[in-house]
Every structure is written in C-alpha cells, then in structure tokens.
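J.: Quick one: this structure, given as structure tokens, is what I'll be asking you about.
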Amino acid sequence: MVLYRPICETEYSEVKARDFHSFPPRPAEQPLFTALLSEEGASRIARRMKVENHAETNVYVVSFLVDDAYIRQFPVQDTDAHDSRALWIPAEEMDILNQHLIGDIRVLAQYQIDREDGDLFFA
C-alpha cells in the first residue's frame, strides 16, 4: 500500500540521514505516526501546516510503500479536521513499520512555512 505523510525539516533530516530507508522513532509527545491514504490529503496538510520550532522553514510531502499484509492491521481513520483518511500507527510500532517498508521513502513536494495561523501536525 502506498502511503503519504507531511514531514517537517527535522523529521526530513532524520529520514535523509537514514538514506530514505526508514523513519525515525517518534518523540515522547507524539504517540502516533500518521500515514495518509492520499497525496492530496498530505499536500493539503503540508500547505496549511505550522510547526512549533520557528527555525523550520519547509514541510515535505513524502510517499512510501508498505507491505499490505502488515499495514492492514491498522484501521482506516476518517480525520474530520483535514477531510483525509489516515492510518494511525502507534509509536512503539516504528521499528516494525520500518522493517515492512518496500523501497525508499520518496519526496514528492516541498512547501515553505510562512504562516502563523496554520494547523499543528504532530503525529
């Protein structure tokens, strides 16, 4: 299954340091890893996203392929706030999720963060 995710510069740097083969562990304040089912939904979030660290100036939309047999255990969530369907993967599953990635994490788009009134996207 192909999934999408908007990521801030900090997470992007960590993914890049891992040669685009895996995602970093989740910070303690982020108990979920959110993966969106559509590129449009991820791009919509990225365009409206703000981050708490004002030194970050970019948001990236990435796509990644995950083994269907593994990812189907997570129910699809309808996220009313962004009109997007997503999978919520518990933070403690990150190592296992990374083992089920197929190929590289791909960067699809980059957006400038130039807003104070956007939505925070933590997961």
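J.: Filter region 79-91 for residues that are out of contact with any Phe, Trp or Tyr (no Cβ under 8 Å at 6 or more places or on another chain) and modelled with pLDDT of 85 or more; which is nearest to Val62 (Cα to Cα)?
T.: Checked region 79-91; the qualifying residue nearest to Val62 (Cα to Cα) is Ala86.
J.: Kindly provide the set of residues from region 25-47 that are under 14 Å from Leu108 (Cα atoms), among the charged types (D, E, K, R) and either under 10 Å from the mean Cα position of the chain (by Cα) or modelled with pLDDT of 90 or more (or both), ordered by number.
T.: Matches in region 25-47: Glu39, Glu40.
J.: While we're on this one: For Val59, indicate whether it is touching an Asp or Glu at 6+ places or on another chain (Cβ under 9 Å), in contact (Cβ under 8 Å) with a residue 40 or more places away in the chain and under 21 Å from Ile113 (Cβ atoms).
T.: Yes: the conditions hold for Val59.
J.: So which residues in region 63-106 are of a type in the set (Val, Ile, Thr) and in contact (Cβ under 8 Å) with a residue 60 or more places away in the chain?
T.: Matches in region 63-106: Val66, Ile71, Ile105.
J.: Considering (1) touching a residue at least 40 places away in the same chain (Cβ under 8 Å); (2) closer than 17 Å to Trp88 by Cβ, say which one Glu11 fails and leave the rest.
T.: The number of the failed condition is (1).
J.: Sticking with this one: Check off (1) at pLDDT below 75; (2) touching a Phe, Trp or Tyr at 6+ places or on another chain (Cβ under 6 Å) for Ser63 and give me the number that stays unchecked.
T.: Evaluating Ser63 over (1) at pLDDT below 75; (2) touching a Phe, Trp or Tyr at 6+ places or on another chain (Cβ under 6 Å) leaves (1) as the failure.
J.: Moving to a separate point now. So which residues in region 69-78 are surrounded by 16 or more Cβ atoms within 10 Å (Cβ to Cβ) and at pLDDT below 95, if there are any at all?
T.: None; the set is empty.
J.: On the basis of being at pLDDT below 95 and among the hydrophobic types (A, V, I, L, M, F, W, C), does Met94 make the cut?
T.: no
The values are calculated or read from the model by the stated rules, or taken from the named source; none is laboratory data. Remember, predicted model here, so these are calculated numbers, not experimental data. In this analysis, Cβ positions are derived from the backbone assuming ideal geometry, glycine residues included, and neighbour counts consider all displayed protein chains.
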